[in-house]
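Structure first, then comments.
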Amino acid sequence: MMDPQQDLNQPVVLITGCSQGGIGHSMARAFAAKNCAVFATSRSRSTMADLEHDSRFFLHELDVKSDDSVRRALDAVISRFGRVDILVNNAGVQCVGPLPEVPLSAIQSTYETNVFGSLRMVQAVVPHMANRKQGKIVNIGSVTAMASGPWSGAYTSSKAALHSLTDTLRLELSNFGIDVVNIVPGAIKSNIGNSAIATYNCMPEWKLFKPFEAAIQDRAYFSQRTKSTPTDEFAKHTVDAILKKKPPAWFSYGHYSTAMAIMYHLPLCVRDFILKKAMKC
């Protein structure tokens, strides 16, 4: 049943990956500060416990890798609010390691969340938005997709795939009044470094790449160094861009975002030299 307290002019935002300490959590708070009704999700409700007693948030467990989980979450938000105005595909996982030795199962798991999980959410929500001839789909990519470096090829390529899918969706869904926005974060303070190390610790011992082990492990924390952009700062600027009547097709913000945009246009030999030096490859 639709919430009788719901303001029909209040945007309803569905966000995946809202665990405390991450980008999704800060974006949920930033949307709520802009008078949005926020349907915040993560694989475990306990990771969003600090939002539990705040009436601006409706919490729900959601695993983007599961068709049933996605369907239940969408049914819940439609039942409560009657619509979804903005979908933010933020759920994502890191995967650090040299591509020749990373288990294929780890790469597949990365794509299942970062690519197919986002597309699963899109396919679930688009019919509802298309019926209303309005809506916004926001995909969270990464500046690393602008210039793929060593040690994180699984993650970087998954985000590059998401960028490409977002470009296609923007063209296909424009006929239905649906805006599609590609958000490209730079180095943002979040818990992704810790989760990357947790995943890394499950990797097999490197063989060919054993001499590079310290550099590979350091890659997991690369985005979490002292100059990384605070999560709340990133969220505020990003949410402001998304809520514009005509949101930008591409929005990038955060440490390294300008540098990586420049890297994208450099000759490959120059880009390779810089990345090999930065990543100790």
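Throughout, read-outs are computed from the coordinates displayed, never taken from laboratory work. None of the values given here were measured: they were computed from a predicted structure. Backbone-built Cβ (ideal geometry, glycine too); neighbour counts: all protein chains shown.
Looking at segment 173-240, the GluC sites (Glu not before Pro) that sit in a DSSP loop and have at most 10 other Cβ atoms within 10 Å of their own Cβ are Glu205.
Would you mind checking the pairs Lys159/Lys244; Lys65/Lys189; Lys136/Lys244; Lys133/Lys245; Lys210/Lys280 and listing those with alpha carbons more than 19 angstrom apart? Distance filter (> 19 Å) returns Lys159/Lys244; Lys65/Lys189. On the basis of the beta-carbon distance and an R0 of 41 Å, Lys207 and Leu119 show a calculated FRET efficiency of 0.75.
The simple spin-label model puts a point 7 Å past each Cα toward its Cβ; for Lys246 and Ser164 those points are separated by 3.0 nm. In segment 12-278, a dipole from Cβ-located charges (positive for Lys and Arg, negative for Asp and Glu) runs towards its positive end, and of Ser109, Pro211, Gly21 it is Gly21 whose Cα lies farthest in that direction. Hydrophobic, long helices, defined as DSSP H runs whose alpha-carbon span along the helix axis is 18 Å or greater and whose mean Kyte-Doolittle value is at least -1.0, occur in the chain at 67-81, 118-132, 153-173. Per-residue Cβ neighbour counts within 10 Å put Ser158, Ser55, Ser19, Ser148 in the sequence Ser55, Ser148, Ser19, Ser158, beginning with the fewest. With bins 10 Å wide beginning at 0, the percent of Cα pairs of segment 81-138 falling in each bin runs 22, 38, 22, 14, 5. So what's the gap between the Cα centers of segment 237-281 and segment 23-53, to the nearest angstrom? Measuring centre to centre over Cα atoms gives 27 Å.
Could you put Lys65, Lys227 in order, starting from the residue whose Cβ has the fewest other Cβ atoms within 10 Å?
By the 10 Å Cβ count, ascending: Lys227, Lys65.
In the chain, the alpha-carbon atoms span a convex hull of 125 Å³ per residue. Shape analysis of segment 1-140 yields a ratio of the Cα radius of gyration to the Kirkwood radius, Rg/Rh, of 1.00. In this rough spin-label picture, where each label sits 7 Å from Cα along the Cβ direction, the Arg80-Glu112 distance is 2.7 nm.
Other residues lying with their Cβ under 13 Å from the Cβ of Glu213 contribute a combined charge of +1, Lys and Arg counting +1, Asp and Glu -1. Restricting the calculation to Cα atoms, every distinct pair contributes to the Kirkwood radius of segment 87-186, found to be 14.0 Å. Label-to-label distance for Cys281 and Ala259 is 1.6 nm, based on points extended 7 Å past Cα in the beta-carbon direction.
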